[in-house]
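Notes follow the structure.
The values are calculated or read from the model by the stated rules, or taken from the named source; none is laboratory data. This one's a predicted model, so the numbers in the text were calculated from it and none came from an experiment. Heads up, the Cβs are rebuilt from the backbone with ideal geometry, glycines too, and the neighbour counts pull from every protein chain shown. The protein model used for the area step is the full one, side chains on, heavy atoms only, and it has no ligands, DNA or RNA in it. Shrake-Rupley method; radii C 1.70, N 1.55, O 1.52, S 1.80 Å.
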Amino acid sequence: MTATDRPGPPLWLLAELTYRCPLHCAFCYNPVDFARTRAEDELDTEGWLRVLNEARALGSVQCGFSGGEPLVRDDLEILVAEAHRLGYYTNLLTSGVGLTEDRAEALKAAGLDHIQLSFQDTTKELNDFLSHTRTFDLKQQVAGRIKRNGWPMVMNCVIHRLNIDHIGQIIDMAVELGAEYLELANSQYYAWAKLNRDQLLPSREQLERAERITNEYRAKLGDKIRIFFVVPDYYENRPKKCMNGWGNVFLTVTPDGTALPCHTAKMLPGLSFPNVREMGVGEIWYDSEGFNRYRGDGWMSDTCKACPEKEKDLGGCRCQAFMLAGDPAATDPVCDKSPQHQVVLDAVARAQLPGAGTAAPLLFRDPKASRRLAP
Ligand code: FES
């Protein structure tokens, strides 16, 4: 990294408070070996308070509390109150499980600004199947509670082959529940979703239909709700500027205190990431090897270095490059200039075949599978 590559502050702090979660989603973005982080390994209240203070002093302005399910931490209100006192804009990313009347009241008093509530589908059957829990009715009640407390609400629904044909009903439900924002986030194929990729990747026809319907709703609904539709990387021919650039804006702190430039970076070989128990957030952000490794363009492959679009996407996603090309410094194989692009084309081709997605059962996130899958 040269002096001119020196990044600004970590504007966005993602506090992954815990990997514990009552749900078992087949597309969960937590690491597949999440069960190796036990409750007793989690950073304690004091540790999180220090992280909040240090990151804010560095210039962080937005703080997301996520997990797992952050509501399983009974110190969530203390952390939100401190983040609010420090001047962060605070966001809770939740499945809704645990957001009782009492906790909603306490979080309101603590100054929580915003809630993102996840649904898996608009039908009770599929919602409960995909999360492997009976949570659909509860989520509906929680949505009402969020609105009664006056919070702006993002409804988030991860989209994939099994629910993409319900896109219109999903939008209708978001409007009915009073969501200000709807994230139709097509699954990206990391962690548990990568294990289930062939079952979850939609066909091109499904994707085009869903995008068309979303655009029709946007035209019809105008400002009533803002709808974000995120296309799966596999259907693009240029990669995304992942995390808006490695170590550029986002700082994730995992439940055990490991600091990462994105939530899956821990799997990358040959890199060590510091822990907030041992190093201050400022030193982690500016000086640690893990955060500096993929800043600038010195690390890029010749393909990326020579590409006129390299500033736009910064070579794509390091985690995807590792998962699909076996090398975190490779051009993201989503890019059609990547020598490994065929891997993506093959997965997309399989998704168009009759009977696609049915060859194997879904693997649901659960601690036993996690231990089995751990290296
Ligand atoms: Fe890790 Fe893209 S998810 S760099």
Mind giving me the FRET efficiency for ARG371 and ASN244? R0 is 35 Å, r the Cβ-Cβ distance, nearest 0.05 is fine. 0.55
Can you give the longest run of the chain that contains no GluC sites (Glu not before Pro) sitting in a DSSP loop with at most 14 other Cβ atoms inside 10 Å? 1-277
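Under the rule a/c < 1.5 gives rounded, and otherwise a/b versus b/c splits prolate from oblate, where does the stretch 302-375 land using the Cα gyration tensor? Mind dumping the intermediate values first?
Values: a/c = 3.24, a/b = 1.56, b/c = 2.07.
Verdict is oblate for the stretch 302-375.
Quick one: putting +1 on the C-beta of Lys and Arg, -1 on the C-beta of Asp and Glu, what dipole do you get for the stretch 218-375 around its Cα centre, in Debye to the nearest 20? Provide the component values of the computation, followed by the final result.
Working: 21 positive and 18 negative charges, 136 e Å.
Its charge dipole is roughly 660 debye.
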What trypsin sites (Lys or Arg not before Pro) does the stretch 218-291 have in DSSP loop regions with at most 16 other beta carbons within 10 Å? LYS241, ARG277
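Determine the per residue accessible area of the chain with all protein chains present and a 1.4 angstrom probe, expressed in square angstrom. Could you put the intermediate results ahead of the total?
Details: 15870 Å² over 375 residues.
Here the per-residue accessible area is 42 Å².
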Residue among ASN275, ASN149, ASN196 with the largest mean-square fluctuation in a Gaussian network model of the chain, springs linking Cα atoms under 10 Å: ASN149
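Ignoring ligands, DNA and RNA, what percent of the 1.4 Å accessible area of the stretch 1-82 is carbon and sulfur? Write out the running numbers ahead of the final one.
Values: 1790 of 3290 Å².
The value for the stretch 1-82 is 54 percent carbon and sulfur by accessible area.
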Span-like helix ranges in the chain, DSSP H, alpha carbon extent 18 angstrom or more, Kyte mean at least -1.0: 45-58, 136-148
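With both partners inside the chain, how many of the DSSP beta bridges are antiparallel, as a percent to the nearest 5? Present the calculation step by step, with values, prior to reporting the outcome.
Working: 3 of 36 bridges.
In the chain, approximately 10 percent of DSSP beta bridges are antiparallel ones.
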Extension gain (nm, one decimal) between ALA219 and ARG148, 0.36 nm per residue minus Cα-Cα: 22.8 nm
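Do me a favour and compute the ellipsoid semi-axes for the stretch 19-92 from its Cα gyration tensor, root of five times each eigenvalue, largest one first, whole Å.
Semi-axes, largest first: 24, 13, 12 Å.
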In the stretch 235-353, if the dipole is taken from +1 on Lys/Arg beta carbons and -1 on Asp/Glu beta carbons about the Cα centre, which of LEU268, PRO339, MET300 is farthest to the positive end? PRO339
